[in-house]
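Peer 1: Sending over a structure as structure tokens; questions will come in a sec.
Derivation of every value follows stated rules applied to the coordinates shown; laboratory data play no part. Everything quoted here is computed from the prediction, not taken from an experiment. Neighbour counts run over all protein chains shown; Cβ positions are idealised from the backbone, glycine included.
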Amino acid sequence: MLMDSPEKENKDDLKGLYDLAIPLGMPVSIIRELVENFELDLVRRKVKMDMTGEVMDREVLALRGDLETVKAAEKYMFEALDRKTDDWKKKDREEKYKKYYEEQAKERQKELRDNPDSAKNWDLTAT
């Protein structure tokens, strides 16, 4: 559940709660794991950021909960990100997609040899 910004919340309701700002670019799958595994509230927070040499107001996502849970979630978040980036770097992933691409290319070549007019139906739009 995504909650509104804290300006709309009662300050007394926030006592004992801490926010963990989620870094921009954090994969959605990791955010979902954090919310589910740590039972934290997903909230929007307005913060000041310097992204271009100029400080600007920006809305970011944050996870809200008690200090112990937020600290555990922070540790998990960066460990999960490390696991995900390690997975992206694996050579077998590259080989899997290369093999898939080559199989698709062979099928298209065979189709073109068997039926030269078939290329008229191909969607060649860049994705």
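Peer 1: Of 90/110; 46/71; 46/90; 15/84; 48/75, which ones are farther than 26 Å apart at the Cα? Kindly include the intermediate steps, with their values, before the conclusion.
Peer 2: On the way: 90/110 31 Å; 46/71 21 Å; 46/90 37 Å; 15/84 34 Å; 48/75 24 Å.
Correct reply: 90/110; 46/90; 15/84.
Peer 1: Between Rg and the Kirkwood Rh of segment 2-89, both from Cα atoms, what is the Rg to Rh ratio?
Peer 2: Ratio value, two decimals: 1.00.
Peer 1: Before anything else, pin down the relative contact order of segment 2-89: Cα pairs under 8 Å, at least 6 apart, normalised by residue count, whole percent. Before the final figure, lay out the partial values.
Peer 2: On the way: 104 pairs, mean separation 30.7, N = 88.
Answer for segment 2-89 is 35 percent.
Peer 1: Using a simple spin-label model with points 7 Å from Cα along the Cα→Cβ vector, what separation in nm is obtained for residue 57 and residue 37?
Peer 2: In this crude label model, residue 57 to residue 37 measures out at 3.5 nm.
Peer 1: Expected output is a single nm value to one decimal: the length gained when fully extending between residue 101 and residue 45, i.e. 0.36 nm times separation in residues minus the C-alpha distance. What is it?
Peer 2: 15.9 nm
Peer 1: Take residue 117 and residue 72, extend 7 Å from each Cα along the Cα→Cβ direction, and tell me the distance between the two endpoints in nm.
Peer 2: 6.7
Peer 1: A further question on this structure: Taking residue 106 as the anchor, which aspartates and glutamates have their alpha carbon closer than 14 Å to its alpha carbon, excluding any fewer than eight residues away along the same chain?
Peer 2: 114
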